[in-house]
Amino acid sequence: LTFDHQDQSVILDAATRRNLEITQNLAGGTDNTLAAVLDQCATPMGSRMLKRWLHQPMRCIETLNNRLDAIGEIKEQALFAD
């Protein structure tokens, strides 16, 4: 179990999540949702984490910048691996 601090993330109500089609489209499926378009995770755990992040966007600029830095490092390592 994890404890999420409400002051650290944006709270999206059910109507907003539905209209944004984050993980479920208006027809009830998963095609062409934000998660379906963005998810290129290598593992199911990564996909679950991505969906959690999409449903609870961070407010903390420092945390967001740390995530972006980590993504940049991963992309840079992938370029040198080729």
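A short reminder: the numbers here are calculations on the coordinates, not readings from a lab. It should be emphasised that the depicted structure is a prediction, and the values quoted were computed from it without experimental measurement.
Tabulated values for the structure
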item	result
Percentage relative contact order, the chain, counting C-alpha pairs under 8 Å, at least six apart	30
Cα long-axis angle, helix 61-81 against the chain (0 to 90 degrees, to the nearest 10)	50
Between helix 44-55 and the chain: long-axis angle, C-alpha atoms, 0 to 90°, nearest 10	60
Long-range HN-HN contacts of residue 9 with modeled amide H, under 5 Å	59
